[in-house]
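Just so it is clear, none of the values below were taken in a lab; they were calculated from the coordinates. For clarity, every value in this text was computed on a predicted model and none was experimentally measured. As a convention, Cβ positions derive from the backbone with ideal geometry for all residues, glycine included, and neighbour counts pool all protein chains shown.
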């Protein structure tokens, strides 16, 4: 029997295929960001530890006895076997061997993002039973500039978000099978346990998903009028299977827990109060990670979530009765909503250190998307589809205009104020490649030193590997002229010595604003 390959029936698959190749290309054309080398170092240390255990080598792993040992390596367990494939796509004339080891991981991050979209679609389809609405909603998700920008490089938060979404799909699937058909498949329990432990191996904050599991369990047992205690007793075998598989795979995926299982709890404690002195510019205030106001998350969600998603949340009171007439909607939308609210409140209540706007809670954004889109589907489906279509066109325009800085995107509410000095800009340092390209075009003398706060990443893309570099703390010391100063990330407003001329600035305009956003500056000091 021939498969139907018509565009009408397979447009989403064709879109996903085209999206895959375009995304891989662009992921290889952004700069190396500030977290990548550190995360890779943690992976190398863990590899050395495994080698010491099984091959009796004597490699140094002392750093794992410090906070380095609390970082997860789950992403690299997947990326490492895929790197050989993507190494064929890298232009080694544009990046040195050290940089290529980091750049090669970008396509894997993008694949995680696509994987999240597949399960995003599955969850929307569970609610709506409408394939077209599910497809178009997923395209909206995939073109959303903020997440798309992160998917080009963010080796921690995008994989964590993706696995969280997959776990959410499977907890819904398992609960539906049990409460509607009174059966639980062992393979689904084993899969959920393994995925949950893998989630935690990427970011230890993945333990928060147990809040979501508990909320789902409470909702299902209440709606179906089942006794929670009776449910637990009746399913003790499946709970035991989940627990044993979860414990085994958690330790399997985290070599630094092998010699001291208590490191699992130490990691949770350390990461919840991560010592981070940076502050995040939020509505003009530099909000310190270790002393955040309770409004921090809500402010960033208001400016980062698309207006269409905010609209969907706003119309909830008009559709509440219609929405909750359906038992499945009541259970799942209710459980998702309560999960998001409870997690946010706990983060605020325990004063968990957050920084770089929403990066640590990126996993909440797809859940908020799902809630809002289902509300719109039940409110006015045709209006929802029209708004989604318009938003996709707008997102495509904005993505092209912003690349490679898509992740700094704010929704159009920014038209009422300036972005500069009110919000963070290129805090990840994606500009490193463009800064290096400009320096390459200047054909500098190798003795002309470059002083930058991102020397270690700019050098990856320089044609001349022997170029003189000086650390950033040398900026205001007596330096032989001429020398160059490259200011990136949070250092763009740092002062420079006298007789230094601005010769280049990385600039973009966001949305329909005429404001020039300066993401990096290069000075020549003669």
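What is the gain in length, in nm to one decimal, between residue 84 and residue 468 on full extension, counting 0.36 nm per residue of separation less the C-alpha to C-alpha distance?
Net length gain for the segment: 135.0 nm.
Would you list 106, 34 from fewest to most Cβ contacts within 10 Å?
Ordered from fewest to most neighbouring Cβ atoms within 10 Å, 106, 34 come out as 34, 106.
For a quick check: sort 225, 47 by the number of other beta carbons within 10 angstrom, fewest at the front.
By the 10 Å Cβ count, ascending: 225, 47.
Only residues of the stretch 87-120 count here: report those whose backbone N is under 12 Å from the spot 7 Å along Cα→Cβ of residue 77, or say none.
none
Say each of residue 229 and residue 179 gets a label point 7 Å from the Cα, pointing the same way as Cα to Cβ; how far apart are those two points in nm?
Here the modelled spin labels are 2.1 nm apart.
Across all directions of projection, what mean area in square nanometres is found for the Cα convex hull of the stretch 3-56?
Hull-based average projected area comes out at 7.2 nm².
Could you give the length gained on full extension between residue 37 and residue 269, defined as 0.36 nm per residue of separation minus the Cα-Cα distance, in nm?
Taking 0.36 nm per residue and subtracting the Cα distance, the gain is 81.1 nm.
Taking 7 Å along the Cα-to-C-beta vector as the label spot, tell me the residue 342-residue 412 distance in nanometres, rounded to one decimal.
3.7
Expressed as a rounded percentage, what relative contact order does the chain have, with Cα pairs under 8 Å and six or more residues apart?
17
Using just the Cα positions, wrap the chain in a convex hull and report its mean projected area in square nanometres, one decimal place.
Mean orientational projected area (the chain, Cα hull): 28.0 nm².
Using only DSSP helix segments of four residues or longer, with each worth -39500 (n - 2.57), what per-residue ellipticity at 222 nm results for the chain after dividing by its residue count and rounding to 500?
Calculated from helices alone, the mean residue ellipticity at 222 nm is -18000 deg cm²/dmol.
Quick check: the angle from helix 36-54's long axis to the longest principal axis of the chain, C-alpha only, nearest 10 degrees?
The answer is roughly 70 degrees.
Return the percentage of antiparallel bridges among DSSP beta bridges fully within the chain, rounded to the nearest 5 %.
In the chain, DSSP labels about 80 percent of beta bridges as antiparallel.
For the chain, take the longest principal axis of its alpha carbons; what is the angle in degrees between that and the long axis of helix 432-442, to the nearest 10 within 0 to 90?
The angle comes out at about 30 degrees.
Compute the long axis of helix 157-181 from its Cα atoms, compare it with the longest principal axis of the Cα atoms of the chain, and write down the angle in degrees, 0 to 90, nearest 10.
0
What distance in nm separates the two pseudo spin-label positions at residue 481 and residue 47, each 7 Å out from Cα along the beta-carbon direction?
Using points 7 Å along Cα→Cβ, the separation is 4.6 nm.
May I ask you to compute the full-extension gain from residue 60 to residue 260, defined as 0.36 nm times their residue separation minus their alpha-carbon distance, rounded to one decimal in nm?
Result for the pair: 70.2 nm of gain on full extension.
For a Förster distance of 25 Å, can you work out the FRET efficiency between the beta-carbons of residue 93 and residue 420, rounded to the nearest 0.05?
Computed FRET efficiency for residue 93 and residue 420: 0.10.
I want to verify the translational diffusion coefficient of the stretch 1-97 in µm²/s; compute it with Stokes-Einstein, Rh as the Kirkwood radius over Cα pairs, at 10 °C and 1.306 mPa s.
Rounded to a whole number, D works out at 93 µm²/s.
Out of every Cα-Cα pair in the stretch 432-525, what percent are more than 20 Å apart?
When all Cα pairs of the stretch 432-525 are counted, 32 percent exceed 20 Å.
Calculate the FRET efficiency for residue 512 and residue 442 from the Cβ-Cβ distance with a Förster distance of 30 Å, rounded to the nearest 0.05.
Result of the calculation: an efficiency of 0.35.
Could you list 506, 177 so that the one with the fewest beta carbons within 10 Å of its beta carbon is first and the one with the most is last?
Final ranking by Cβ density, sparse to dense: 177, 506.
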